[in-house]
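Here is the structure we will look at, set down as structure tokens.
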Amino acid sequence: MVLLLRLSLIDQIWFLLAVCFFLACCLHCHTYPSGKFERFRLYQLFQDIIRYGKTKKRLQRPDFLRIFDIPKRWFFHFYTISVIWNSLLIFTSLRALILGESFPAWLDHMLTLLRGSLGDLQKALSLSVVLVQVLLWIHSLRRLLECLFLSVFSDGVIHLAQYCFGLGYYVLLGLTALCVDHLHSGDGSLTAQHSFWLQWYHGPGVLLFLWASFHQHKCLVILARLRTSRSGKDAAQRHAVPHGDWFELVSCPHYLAELLIYVSFGVCSGDGALTWWLVVLYVLCNQALAARLSHEFYCSKFATYPKHRKALIPYLF
């Protein structure tokens, strides 16, 4: 507890989010197979909040919970917010880095609140910070285009709480990139890394980002083709077993690729970027829960579903 209190507010937020999703995953794994708690309203609410899309279709829930349903196709709202928000932050960062201009007062206040005593942050900006911002923007733009022009959505829904959380999540994520304080030594003084120079870890980080992004897109293409390759007006409402690429190893390779993309952000941030690794921890717990729910759906719906496939991590989970 003392160690947690010593962390900055932004670090505490990501750590607590990771803990919440970890506990939610453990609670689901422990209680869902037994079916003993399905009649309790609190448990029904818990299942309703953690599920979305296809994993909600077989969930028995009271009618009053349906008033909180939001179409899953509204996922593109998240990436739209991320693209616009991160465009603004990148523009601000570049002006601070290249022209030496100060951050707007509102942004400086937000960062000071999240990170604590930052000193003159705009003078401490490095290529690592801007690089992560640009990669995050590219990732959000790709996901936005995939939602608009590739993905074939059914009538699946998400909970209103998930929708609101998703909107706030991408705003916080953009601020997080600016809160990474890897430019200071132990005594708070600036290190020599504050200049706009490439570092050795930028190369592996970018390569990992490109590799994971490629496979995520490829897996999303496979999922989209499952919906479009069959005739009939209800084709988009049906599900089939996906095959190819990382689907031969796990049920949710696009979630695994998402995790690796965030790992690439941590690599690009360099040593000392504790904040990004706490984000990675959160993404691991979040995607583990979502992957577990999808894996259970596939196993329950298809009697011939491949037994060797794991949910998220090949051969492990």
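Filtered by the rule that a residue be among the β-branched types (V, I, T) and either surrounded by 20 or more Cβ atoms within 10 Å (Cβ to Cβ) or modelled with pLDDT of 95 or more (or both), region 268-317 gives T275, V279, V280, V283, I313.
Looking across region 95-108 at every residue that is at pLDDT 90 or above and either touching a Cys at 6+ places or on another chain (Cβ under 7 Å) or of a type in the set (A, V, I, L, M) (or both), the one that is surrounded by the fewest Cβ atoms within 10 Å (Cβ to Cβ) is identified as A105. Can you say whether F68 is within 30 Å of F40 (Cβ to Cβ) and touching a helix residue (DSSP H, G or I) at 6+ places or on another chain (Cβ under 8 Å), as far as the supplied structure shows? Against the criterion (within 30 Å of F40 (Cβ to Cβ) and touching a helix residue (DSSP H, G or I) at 6+ places or on another chain (Cβ under 8 Å)), F68 qualifies. Within region 11-53, being open to solvent by 40 Å² or more (accessible area, probe 1.4 Å) and among the charged types (D, E, K, R) holds for K36, E38, R39, R41. Among the residues of region 137-172, the one identified as without any contact (Cβ under 8 Å) to a residue 12 or more places away in the chain, under 14 Å from the mean Cα position of the chain (by Cα) and over 27 Å from G205 (Cα atoms) is F165. Considering only residues that are assigned to a helix (DSSP H, G or I) and polar (S, T, N, Q), look in region 145-177 and name the one that is most open to solvent (accessible area, probe 1.4 Å). If we take residues in region 145-177 being assigned to a helix (DSSP H, G or I) and polar (S, T, N, Q), then Q162 is most open to solvent (accessible area, probe 1.4 Å). Checked against (1) more than 21 Å from G156 (Cβ to Cβ); (2) in contact with a Gly (Cβ under 6 Å, 6 or more places away or on another chain), F78 passes all but condition (1).
Taken together, V83, V130, V134 contain a single residue that is over 25 Å from C285 (Cα atoms), touching a residue at least 40 places away in the same chain (Cβ under 8 Å), open to solvent by less than 60 Å² (accessible area, probe 1.4 Å) and part of a helix (DSSP H, G or I), which is V130.
In region 201-228, the qualifying residues are those that are in contact with a His (Cβ under 8 Å, 6 or more places away or on another chain) and polar (S, T, N, Q), and the one that is nearest to V132 (Cα to Cα) is S213. Looking at region 248-265, which of the residues that are open to solvent by less than 10 Å² (accessible area, probe 1.4 Å) and either in contact (Cβ under 8 Å) with a residue 60 or more places away in the chain or assigned to a loop (DSSP other than H, G, I, E, B) (or both) is nearest to A288 (Cα to Cα)? The extreme case among them is C252.
Candidates I90, I67: the one that is of a type in the set (V, I, T), under 30 Å from W197 (Cα atoms) and assigned to a helix (DSSP H, G or I) is I90. Within region 223-259, restricting attention to residues that are of a type in the set (V, I, T) and modelled with pLDDT under 95, the residue that is farthest from K72 (Cα to Cα) is V241. From the list R142, R115, R73, the one residue that fits, being open to solvent by 10 Å² or more (accessible area, probe 1.4 Å), more than 27 Å from Q12 (Cβ to Cβ) and either modelled with pLDDT under 90 or touching a Cys at 6+ places or on another chain (Cβ under 9 Å) (or both), is R73. The set of residues in region 283-317 that are β-branched (V, I, T) and farther than 23 Å from G266 by Cβ contains only T304.
The values are calculated or read from the model by the stated rules, or taken from the named source; none is laboratory data. For clarity, every value in this text was computed on a predicted model and none was experimentally measured. Methodologically, a virtual Cβ is constructed for each residue, glycine included, from the backbone with ideal geometry; neighbour enumeration extends over all protein chains shown. Side chains included, ligands, DNA and RNA excluded: accessible areas come from the protein's heavy atoms. Shrake-Rupley method; radii C 1.70, N 1.55, O 1.52, S 1.80 Å.
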